[in-house]
Amino acid sequence: MELCKVFLWSLLCFQCWWDSRCLALRGNDTRLYRHLFNHYNKALRPTSGPEDILMVEIGVTLTHIIDMNEKHQTLTANIWMTMAWNDSHLTWEPEDFGGFKALTLPAGEIWKPDIVLYQNVDPYFSGWSTDDTYIKVYSTGYILWEMPTVTMSSCHLDVSSFPFDSQTCVLKFGPWIHSGKELDMRSMADEGSLESFIDHPEWEVGSFKAKRHMIWYGEDFNIGTPYADVTFKLVLKRKSTFYVFNLLLPCLLLTFVMTATFFLPSNCGEKLSFGVSLLLSMVVFQLVLTDVLPESDNLPWIGRFVIITMILMAVSLGMSVFVMYACDSSMGARTIPDWSRKVFLKYVATLLLMGDLSKQGMAESVDSQGEHSPPDLTALSSVDNNKHNDNNTNSNDKATLALHHLVDNLQCVQQNLAGLLMHARRMEKNRALEREWRSLAKVLDRICMLLYLVTATSCLIAFATEA
Ligand SMILES: *[C@@H]1O[C@H](CO)[C@@H](O)[C@H](O)[C@H]1NC(C)=O
Ligand SMILES: *[C@@H]1O[C@H](CO)[C@@H](O)[C@H](O)[C@H]1NC(C)=O
């Protein structure tokens, strides 16, 4: 029994000795930690006096552009944040603590500035994931806090020169409640860092400049206070190759093909189906565009171009429908008004180097037929009647009867001929009318084509110089 007691006591003693030895071995950082945090309160701003302004340095490294959403006007990016400040409560002499010059601690242990991203739109964002990050404390009180994070920020995107546009996104970091009298900001460098940037297929970084501001807020509520911030201006240039080959080139090709529709004759139904299918493909392009772009009133030039093309195309198609209607034979003879014949077929046609089309219309065809009149058969028949009255003999009756019969037949033939002639003339007149309508349509189509060419090229040139 006694032996057992002695053994237990010696075990306990050994344990104590071992423990103390361990404490001595690894004692210096523990001692340092106790020294620093015995009277530390992480709720208080680490300055010596109330008038002191705490300076916070900030640096941003852009590593990846995850998404640039034109429709929702947001930029999602992966960035590495670096913040640094001097905590006057966390200083020590390294010699007193076995040469410890720095200490790495969980970020939750000490005071941190409430820096926010002003443009943040991420509803699930809750601070800079403070629980998982660590902080480095140097013996001078210098504190370095680095953390990787994904930010989703609002960004005003102006797509008016899509796909040759460049966008500027602003990332503004500043304290939310600490005013400029408590906390000041400055950037670690003139620019944000791009050293670990992963190339983006669509966007190319132009510049990433940093600038410090001191801005007054809350003046509307009479609590105007200055707040410091550091604003990073990210200029992104779109790599347009993808859109040039997949959107611009097909669109231009369609525009050229569309010029061909103006050469198709207006009375041919093919023109309508061809034009309508072109119009449909333009609508498809427009759908693709509206899918990519935000619903702003600032239409990009490519959208404007597609719409102008569609309008001109629709006008041309509407006109060919009108011409088909006018040429329809069931409409009867409806002539072109004199003024339009004069204006379009004579002057405009000569102006467009199509020659004077007013002369080859129906005027010529009517003139050439109007002169000839059929021979008069009634004179012959009246002569026969006189002969009949004079002789008044039965022997001649048969002959005269035959002669009458012949004259009647001839008259009948003449009447039929006259009818045929009238029909032919009417047909000729209709055909001439149709020809004239068609000429008019040709002239109008030529005008449309010229308008189309001029508008299309001027649009393209204007947009090219603008872009
Ligand atoms: C921290 O203090 C050192 C020495 O006083 C100074 O050089 C440095 O600029 C300070 N850093 C910040 C962020 O205030
Ligand atoms: C702690 O620091 C003292 C000097 O300040 C040194 O003698 C001692 O060896 C250190 N302890 C350890 C475990 O490094």
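Each label point was placed 7 Å from the Cα along the Cα-to-Cβ direction; for ASP356 and THR140 their separation is 9.8 nm. Extending 7 Å from the Cα toward the beta-carbon at both ASP67 and THR104 defines two label points whose distance is 3.3 nm.
Under the shape rule built on the C-alpha gyration tensor, where the axes satisfy a ≥ b ≥ c, the stretch 134-232 is oblate, since a/c reaches at least 1.5 while a/b does not exceed b/c. You can think of it this way: the chain between THR465 and MET422 has 9.2 nm of extra reach, that is 0.36 nm per residue less the Cα-Cα gap. With each label modelled as a point 7 angstrom along the Cα→C-beta vector, the SER166-VAL121 pair spans 2.3 nm. List the lysines whose Cα lies under 26 Å from the Cα of LYS442, skipping any in the same chain that are fewer than 8 positions away. Straight-distance partners of LYS442: LYS271, LYS342, LYS346, LYS359, LYS429. Using r as the Cβ-Cβ distance of GLU191 and SER154, and R0 as 25 Å, what FRET efficiency do you calculate, to the nearest 0.05? Approximately 0.70, to the nearest 0.05. In terms of its alpha-carbon gyration tensor, the stretch 204-246 comes out oblate; a/c meets the 1.5 threshold, while b/c is at least as large as a/b. When the listed pairs LYS112/LYS181; LYS211/LYS237; LYS71/LYS239; LYS42/LYS211 are checked against a 25 Å cut-off, the alpha-carbon distance exceeds it for LYS42/LYS211.
The numbers here are math on the coordinates, done by the rules we state, and not lab data. Model, not experiment: these values are computed from the prediction. A quick note on method: Cβ atoms are made from the backbone with ideal geometry, for glycine too, and the neighbour counts reach across all protein chains shown.
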